[in-house]
1. Looking at Ser473, Ser539, Ser507, which is the one that is in a strand (DSSP E or B), in contact with a Phe, Trp or Tyr (Cβ under 9 Å, 6 or more places away or on another chain), polar (S, T, N, Q) and under 30 Å from Asp442 (Cα atoms)?
2. For the stretch 561-574, does any single residue satisfy the condition of being closer than 12 Å to Leu228 by Cα and open to solvent by 20 Å² or more (accessible area, probe 1.4 Å)?
3. Among the residues that make up the stretch 558-577, is at least one of them within 30 Å of Asp442 (Cα to Cα) and either touching a Pro at 6+ places or on another chain (Cβ under 8 Å) or of a type in the set (A, V, I, L, M) (or both)?
4. Could you tell me whether the stretch 329-344 includes any residue that is of a type in the set (Gly, Ala, Ser) and under 27 Å from the mean Cα position of the chain (by Cα)?
5. Name the single residue that is surrounded by the most Cβ atoms within 10 Å (Cβ to Cβ) among those in the stretch 71-93 being modelled with pLDDT under 80 and not in a strand (DSSP E or B).
6. Taking strands (runs of 3 or more DSSP E) that fall entirely within the stretch 597-691, which contain at least 3 residues that are in contact (Cβ under 8 Å) with a residue 12 or more places away in the chain and open to solvent by less than 20 Å² (accessible area, probe 1.4 Å)?
7. Residues of the stretch 345-364 being within 30 Å of Leu418 (Cβ to Cβ) and within 22 Å of the chain's Cα centre (by Cα), which ones?
8. Working only within the stretch 548-560, note down all residues that are small (Gly, Ala, Ser), under 30 Å from Leu538 (Cβ atoms) and open to solvent by less than 30 Å² (accessible area, probe 1.4 Å).
Amino acid sequence: MKNFLWAFAALSIAVFGQDTTGVGAISGVVTDAGGGVVRDVRVCVKGTQKCAISDEKGAYHLSEMRAGVYVLEVTATGRAALTSNAVDVRAGLDGRVDITLPKIDAVAQSVTVTESVFVAPEEIKNSNYLIQAQEIGKSAGALQDVSRYVQTLPGVAIGSNDFRNDIIVRGGSPLENLFVVDNVEIPNINNFANFASAGGTVSILDSELIRDVNFLTGGQPAPYINRLSGVLQVAQREGNREKFSGRATVGFAGAGVILEGPIKKEKGSWIVSARRSFLDFFTDDIGFGGVPVNYSFNTKALYDVTPKDRIWMVNFTGLDDIRLGPTNEKKPDSELATLDIRYDGWRSATGFNWQRLMGDRSVGLLGVTHSEAKVGSQVKDLVRFGTTGANADELIARAPVVYREQNREGESTIKYDLTTYVPMIDKVQAGGSFKIFRINYDAAQPLGDDSPFTAARNVNPFSIRQNYNARQSSAYVQTAKNIGSRLNVSWGGRVDNYQYIGATRFSPRAGVSLRLTDKVSWKASYGTYYQQPFFLFLSVFPVNRGLSPIRADHYVSGFSFVASDTLRMTVEAFAKNYASYPVAIDYPSLSLANTGDTFAVSDLLFPMTSAGRGRVRGVEFFVEKKFSRKWFGQTNLSFSRTRHAGLDGVMRPGSFDYPFLFNTVGGYRLNSKWEFSSRIAYFGGRPYTPFDETLSKQQRRGIFDLTRVNGVRAADYFRFDFRVDRTFTFRDKPLLVWLGLQNATNRKNFSNASWDRELNVARTNDQLGLFPLVGLDWRF
């Protein structure tokens, strides 16, 4: 049949769920032309043996379907089979597709189906958001970076500098998040990253390859490996199964090319992306003594071996280097003026996955992955022994090395996930993983650290050369059951063994959802989460080997109102309690929970003990309008309170304690050629610790006033970004050109306080100022 009527289902809004086995589902209601439900209708996936029969309420459900595009074959009693138009199935999503049968005497005998509208699987209860590829690619301020777009969601904030893309989830450190791409865990998805942080400046991931992004901010179920705060899960699109094609791009991340094509027509595909920064072609100094140079490569190949077996392979690689500090020609207007920093690094993650459909209601996914990363850096203190010198080159030549590293980490994982349906229990998910870590550290801080937390100089010198293996194993089970037509409950748990620190932990999970009306639902979830401190922290001082897994307990409850097929509103309240957080032994007020958004790895290396605790409380309001023909947008407002205690047990404002967060993001399509988007961000001032002016002047370095730890708040943060897109035609192919401004008002937003060691005075540093953007995207 050629003519089909399409409309949006008015029963839910697009929300992403988990993808533990790489499959999705289709469900809906069969009605007749008059709107009455029709039972005993056979709904099959054409070309397969997968079928379902509508029940007395007209409802049908097709589960465990591989991601792809399908045609439904619909057969009602006494009538010939009718086929639908294409129906989309996404990995990790339950698609809602309602079917309307035509009148018997209608001239056009074709079924009417609604366009797929995706809902969360029943085990997902709260705090999850679907991010569509268009939102990342076309939103002002996102810079085609998934992490930067995530920063606009409820309860998510930037770190101390919006030049970085750190993700702060509900007051937690950026070190607390999990990144998964196509079932491959990646320690850090950014270039210019180190082993003591989770952010960077530029994402390795090419947004043009992204299909969906799942972001969870709390209460996530048992299949996810433990992390204390959020989960960022990315599903990449397939390559073109029909023909070879490509596109060229230029943007903030650099210039690149994407190539794709079939492996064997209709059986598989491949896609490759390669990008390189280009500023170094025009200058050797962009204001801080150097120019960042980075490369990134993304690859995906997929093949359907049989109707029941699918395999895919992915790889993500990034390389980068940079130099920071003064030159003979120019001195940076920041604390970098007294340092010479050299950095180079690379990171790569590769994964192979085999998905097997077993019967109509079971699916298994085997994954084998390996990631590897190397970071080399050297920091020289140019004023450690005085400030005299004819020029920068002389200062650098004679300056002492205060920190150096040539560190490497590898991680190999084998994991298996099974989803099936069991009588009386309903949906059951179970699985496990085994990891081997290969650690090779060569780092030193020969002169110790002039920590701002103490008046003592040259504290905690160290030199480590360690090469060892460590293991981590885990297993989980999760169930979800419908009780009647409105209530669903889920429960489960996972066990994680951390061999290197000799600890085993059990993490229970539970959730409930109640559909109060056809448009209003109440949901609640609870979970305990553990996370081992990073290996670098554990290795640098012998006492750190005794650290315990950090614990966080999540409590989330909220309501969701679905106003229309593309519009929803939610309100959620949450509580997060921390225990066993690493804290500094020598600096009683310092908790690792208040760190992580920095390039200065040496600032995070000190003797620790697991005596820290913390708590976060908050409420979030969210309104979302998904893409339609003309516009999209989302607005959210969050209020929260974050407190952490160091070894002294005193609860103080956390470094990421934003009293309120307001974001609004939107775009409008004027016509086929012009599009506009903008973003407004307004955050309450972030706390920071002022300097003890007397001690700092005596030692010509910054020393904190420890009677006022995080006792001063910066001014509120405000930023306005906008972007304009114009589509042209070049050689009969679409060419997109876009222009934009980040921080268009040139607001001087506070970044941090620092001590100018040359002038011997305190100063404040600003975040990114007015920043023009330009880019293009040409398909060929």
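1. Selected residue: Ser473, the only one of Ser473, Ser539, Ser507 that is in a strand (DSSP E or B), in contact with a Phe, Trp or Tyr (Cβ under 9 Å, 6 or more places away or on another chain), polar (S, T, N, Q) and under 30 Å from Asp442 (Cα atoms).
2. Pass one, the stretch 561-574, residues closer than 12 Å to Leu228 by Cα: none.
Scanning the stretch 561-574 turns up no residue that is closer than 12 Å to Leu228 by Cα and open to solvent by 20 Å² or more (accessible area, probe 1.4 Å).
3. In the first step, residues of the stretch 558-577 are kept if they are within 30 Å of Asp442 (Cα to Cα); the result is none.
No, there is no match, as no residue in the stretch 558-577 is within 30 Å of Asp442 (Cα to Cα) and either touching a Pro at 6+ places or on another chain (Cβ under 8 Å) or of a type in the set (A, V, I, L, M) (or both).
4. no
5. Leu93
6. Because the criterion is at least 3 residues that are in contact (Cβ under 8 Å) with a residue 12 or more places away in the chain and open to solvent by less than 20 Å² (accessible area, probe 1.4 Å), the strands (runs of 3 or more DSSP E) in the stretch 597-691 that meet it are 608-625, 631-645, 660-669, 674-683.
7. Residues satisfying the conditions are Ser348, Ala349, Thr350, Gly351, Phe352, Asn353.
8. Ala552
The values are calculated or read from the model by the stated rules, or taken from the named source; none is laboratory data. None of the values given here were measured: they were computed from a predicted structure. Counting neighbours? That spans all protein chains shown, and the Cβs are built from the backbone with ideal geometry, glycine included. Keep in mind that these areas ignore ligands, DNA and RNA; they rest on the heavy atoms of the full protein, side chains included. Shrake-Rupley method; radii C 1.70, N 1.55, O 1.52, S 1.80 Å.
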